[in-house]
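Notes to accompany the following structure.
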Amino acid sequence: MPDRISRRQFLKHTQAAILGLSTFSAASLGRNSQASGQWKPSAAPEKLIANLESRIPQLMEDAGVPGAAVAAVRDGEIFWSRGFGVKNEDTGEPVGADTVFAAASLSKPVFAYAVLKMCERGELNLDTPLTRYTDKPYIYDRRIEKITARMVLSHTTGFPNWSGDAPVWIDFTPGTRFSYSSEGFLYLQTVVERLTGEPLNDYMTRNVFAPLGMNSSSYVWKQAYQFSAANGHDREGYPDPLSKPKEANSAGSLRTTAADYAKFLLAMTEPASRDPFRLSEESLNNMLRENVKISQSLGWGLGWGLERTGSGDFFWHWGDGTIFKSFTLASRKLKTGIVILTNSQNGLQIGEDIVGMAVGGKHPAFSFSMIQY
């Protein structure tokens, strides 16, 4: 992500850590994807868990990552979740099961989920210009009248990623091509807050976090984080405290745990019928349908990056808060997924190996041009 973000200090976040161990059902562990797209039993569950728990610390040491938290989903359940390393290199305090990280752009899919539910309830339309829901234009460029929620969630608004201290602008005709933009999410956030009549974090807590049991998650600082949050670390391993956002930022201020985010992945893989909070089959299909093509194997849905592999289709996202980096990937069809949260500027360097061990296969998401290792 660009450095020019001072107007919206969302980027000063996230720190991860680990060592607290919470193991969920391991009955479904021990499967791997094959080129045919079929998943067949391979290593015994105990052997696979042992492999992850022995290899991850070594990967972290090699990459200079002080702390990380990982949670894995298989067969529609969280089968394994564990913390590794330390919250802070100076204090040596271990990462626990309740350690909170800054998730950076992993914030976006969670917000997108709430937006799709608003659409499901008829409170918002994906293809209605957002100016129809506002009192005055967000900016004084007539092209703003073209921007819809679909364009925001698929990154085709024409907005820059971040505008820094300057008023946001439009670089190209909205809807004509892909260009990753956090600014678009901030625009949509203003619409959601106007329609709901409440601050975003209050709305997200009632409509997403509480219903899904994500009790450690928030877009704003919680007092409880004082003792559970990790510190971020730069390339050389020097720690810096997790920032404390007072206002929600839909594009990047989410603080969460690996297990909490894995609960969100479960919601993404399981549709619900006539549920007041969870998305229906139609809405999930809409969210994970390609809206814009990026390359032969990559595209973007609504809030999620999409990839096509020999083992099937996956949805994914990465997070980069400079000194906190994260990655998540899952398959709705295979009901498998992984969440990786780290408290290091080097954190994404361990992502591909962990995904390979836990999920299997090769994943073109790691070649996405914006990911900075």
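Quick look at the numbers
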quantity: Test: residue in the stretch 75-95 that is closer than 26 Å to Tyr238 by Cβ, assigned to a strand (DSSP E or B) and charged (D, E, K, R); calculated: yes
quantity: Residues that are modelled with pLDDT of 95 or more, crowded, with 24+ Cβ neighbours inside 10 Å and of a type in the set (D, E, K, R), drawn from the stretch 67-118; calculated: Lys87, Lys108
quantity: Test result for Ser181, over 30 Å from Ala229 (Cα atoms), open to solvent by less than 20 Å² (accessible area, probe 1.4 Å) and among the small types (Gly, Ala, Ser); calculated: no
quantity: Filter pass, Leu266 being of a type in the set (A, V, I, L, M, F, W, C), more than 30 Å from Gly237 (Cβ to Cβ), under 16 Å from the mean Cα position of the chain (by Cα) and assigned to a helix (DSSP H, G or I); calculated: yes
quantity: Verdict on Phe227 being open to solvent by 20 Å² or more (accessible area, probe 1.4 Å) and not in a loop (DSSP other than H, G, I, E, B); calculated: yes
quantity: Every residue from the stretch 318-334 that is of a type outside the set (Gly, Ala, Ser) and under 17 Å from the mean Cα position of the chain (by Cα); calculated: Trp318, Asp320, Thr322, Ile323, Phe324, Lys325, Phe327, Thr328, Leu329, Arg332
quantity: Any chance Glu290 is touching a Leu at 6+ places or on another chain (Cβ under 7 Å), assigned to a loop (DSSP other than H, G, I, E, B) and closer than 26 Å to Gly158 by Cβ; calculated: yes
quantity: Enumeration of residues in the stretch 298-336 that are part of a strand (DSSP E or B), modelled with pLDDT under 95 and closer than 15 Å to Phe264 by Cβ; calculated: Thr336
quantity: Hits in the stretch 160-176 - residues which are of a type in the set (A, V, I, L, M, F, W, C) and closer than 25 Å to Glu290 by Cβ; calculated: Ile170, Phe172
quantity: Options Gly184, Gly237: the member that is modelled with pLDDT of 95 or more and on the phi > 0 side of the Ramachandran plot; calculated: Gly237
quantity: Odd one out for Ala210, checked against (1) in contact (Cβ under 8 Å) with a residue 12 or more places away in the chain; (2) within 30 Å of Ala97 (Cα to Cα); (3) of a type in the set (A, V, I, L, M); calculated: (1)
quantity: Residue within the stretch 5-26 that is of a type in the set (Ser, Thr, Tyr), modelled with pLDDT under 90 and either in a strand (DSSP E or B) or open to solvent by less than 20 Å² (accessible area, probe 1.4 Å) (or both) present; calculated: yes
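Results for (1) surrounded by fewer than 17 Cβ atoms within 10 Å (Cβ to Cβ); (2) outside any helix (DSSP H, G or I); (3) at pLDDT 95 or above; (4) touching a strand residue (DSSP E or B) at 6+ places or on another chain (Cβ under 8 Å), shown as yes or no for each residue.
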{"position": "Glu145", "(1), (2), (3), (4)": "yes, no, yes, yes"}
{"position": "Asp165", "(1), (2), (3), (4)": "yes, yes, no, no"}
{"position": "Val191", "(1), (2), (3), (4)": "no, no, yes, no"}
{"position": "Tyr203", "(1), (2), (3), (4)": "no, no, yes, no"}
{"position": "Asn207", "(1), (2), (3), (4)": "no, no, yes, no"}
{"position": "Asn215", "(1), (2), (3), (4)": "yes, yes, yes, no"}
{"position": "Lys222", "(1), (2), (3), (4)": "yes, yes, yes, yes"}
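The values are calculated or read from the model by the stated rules, or taken from the named source; none is laboratory data. Because the structure is predicted, anything quoted here is derived from the model rather than measured. Glycine also receives a Cβ, built like all others from the backbone with ideal geometry; neighbour counts cover every protein chain displayed. Note: areas computed on protein heavy atoms with side chains; ligands, DNA, RNA excluded. Shrake-Rupley method; radii C 1.70, N 1.55, O 1.52, S 1.80 Å.
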